[in-house]
Amino acid sequence: MRAIEFINNLIPPLKFTDKVKLGLSWMEEIRTDIIPVVDKGLFKGFITDEIIYELNDPEMTLEIVELVGSASIVQEDRHIYDVLRVSSENEVSVVAVLDKELKYLGVVTQEGAISAFTDSISIQSQGGVLILSMFMTDYSLYDIARVVESENAKVLSSFISDDPLDDSKIKVTLKIDQVELRHIKATLERFGYKVIDHYQEEEGINSDQDRLGNLMRFLDI
């Protein structure tokens, strides 16, 4: 699940010496609204169709254009989750992938990252999500799964992240194969687990926006 494995080779980079009109032409050809810009192998940012329309100067070269998303980068060995996190933080739909020498390798689209991540963690499967807060020393997925299974349910996937409300704890996000979570939540709490949030997914979720919403709730991005 490394970023380099999901580079979209259909989105080529523009160079500083290219003109704005070339960017717009490529956007129309590959049906995108954003393209990366590099200079001597180094990533400099993205140009968007909105920038181009506002400039209204097709002959302008990219080296004098104020680009966006220069911080939207990950190194090649980073997990696909980091692509989603960086994309969300920088409010752009693509993330540049760099090698260890910080040379540009390509881009991963938000859509591609979502597809890869949701496929790997069963987020599209019908069910519900429970979020627990605990000390790292208390974490045992085996023990948690045993409690869940005692209610005739299964943990489809799990995800660990820092608890922003308490630096000493972690959040454990669980995807459960059951929509009804009340009994599972009560049983976990009876065994001493602190359940800080939960949600039940609706049936018939198919659109990209719904998939993104489910994923962002799951990751708490």
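The values are calculated or read from the model by the stated rules, or taken from the named source; none is laboratory data. Only a predicted model underlies this, so the values are computations on that prediction, with no experimental measurement involved. With ideal geometry, Cβ positions are generated from the backbone for all residues, glycine too; neighbour counts draw on all protein chains shown. Protein only, heavy atoms only, side chains kept; ligands, DNA and RNA dropped before computing areas. Shrake-Rupley method; radii C 1.70, N 1.55, O 1.52, S 1.80 Å.
Yes or no, residue by residue, for (1) buried (at least 20 other Cβ atoms within 10 Å of the Cβ); (2) modelled with pLDDT under 85:
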site: ASP77; (1), (2): no, no
site: VAL95; (1), (2): yes, no
site: ASP99; (1), (2): no, no
site: LEU102; (1), (2): no, no
site: GLU111; (1), (2): no, no
site: PHE117; (1), (2): yes, yes
site: SER120; (1), (2): no, yes
site: LEU132; (1), (2): yes, no
site: PHE135; (1), (2): no, no
Do we have any residue at all in region 145-164 that's open to solvent by 30 Å² or more (accessible area, probe 1.4 Å), at pLDDT below 95, among the β-branched types (Val, Ile, Thr) and more than 30 Å from ASP39 (Cα to Cα)?
yes
Which condition number in (1) open to solvent by 40 Å² or more (accessible area, probe 1.4 Å); (2) more than 28 Å from the chain's Cα centre (by Cα) is the one that ASP18 fails?
(1)
Could you check, for region 43-54, whether at least one of its residues is at pLDDT 95 or above and of a type in the set (Lys, Arg)?
yes
Scan of region 21-46 for residues that are under 26 Å from the mean Cα position of the chain (by Cα) and hydroxyl-bearing (Ser, Thr, Tyr), ordered by number:
THR32
For region 47-75, how many residues meet the condition of being touching a Leu at 6+ places or on another chain (Cβ under 6 Å) and either touching a residue at least 60 places away in the same chain (Cβ under 8 Å) or aromatic (Phe, Trp, Tyr) (or both)?
1
Given (1) assigned to a helix (DSSP H, G or I); (2) out of contact with any Ser or Thr (no Cβ under 8 Å at 6 or more places or on another chain); (3) open to solvent by less than 30 Å² (accessible area, probe 1.4 Å), VAL86 misses just (2)
Looking at (1) open to solvent by less than 40 Å² (accessible area, probe 1.4 Å); (2) within 17 Å of LEU102 (Cβ to Cβ); (3) modelled with pLDDT of 95 or more, find the lone condition where LEU62 falls short.
(2)
Would you confirm, using the coordinates I've provided, whether ASN90 is touching a strand residue (DSSP E or B) at 6+ places or on another chain (Cβ under 9 Å) and closer than 30 Å to SER158 by Cβ?
yes
Checking THR173 against (1) within 27 Å of the chain's Cα centre (by Cα); (2) part of a helix (DSSP H, G or I), which single condition isn't satisfied?
(2)
What do you reckon, is GLY106 small (Gly, Ala, Ser), more than 18 Å from ASP39 (Cα to Cα), touching a residue at least 60 places away in the same chain (Cβ under 8 Å) and open to solvent by less than 70 Å² (accessible area, probe 1.4 Å)?
no
Selection over region 25-40 where residues are part of a strand (DSSP E or B) and in contact with a Leu (Cβ under 8 Å, 6 or more places away or on another chain) yields a count of 4
All-but-one check, GLU76 against (1) in contact with a Lys or Arg (Cβ under 7 Å, 6 or more places away or on another chain); (2) under 16 Å from LYS19 (Cβ atoms), failing number (2)
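Going residue by residue through region 41-54, is there one that turns out to be open to solvent by 40 Å² or more (accessible area, probe 1.4 Å), of a type in the set (Lys, Arg) and not in a strand (DSSP E or B)?
Filtering region 41-54 down to residues open to solvent by 40 Å² or more (accessible area, probe 1.4 Å) leaves 42, 44, 49-50, 53-54.
Now drop any that are not of a type in the set (Lys, Arg), which leaves 44.
Then drop every residue that is not not in a strand (DSSP E or B), which leaves none.
Within region 41-54 (the criterion being open to solvent by 40 Å² or more (accessible area, probe 1.4 Å), of a type in the set (Lys, Arg) and not in a strand (DSSP E or B)), the answer is no, since none of the residues qualifies.
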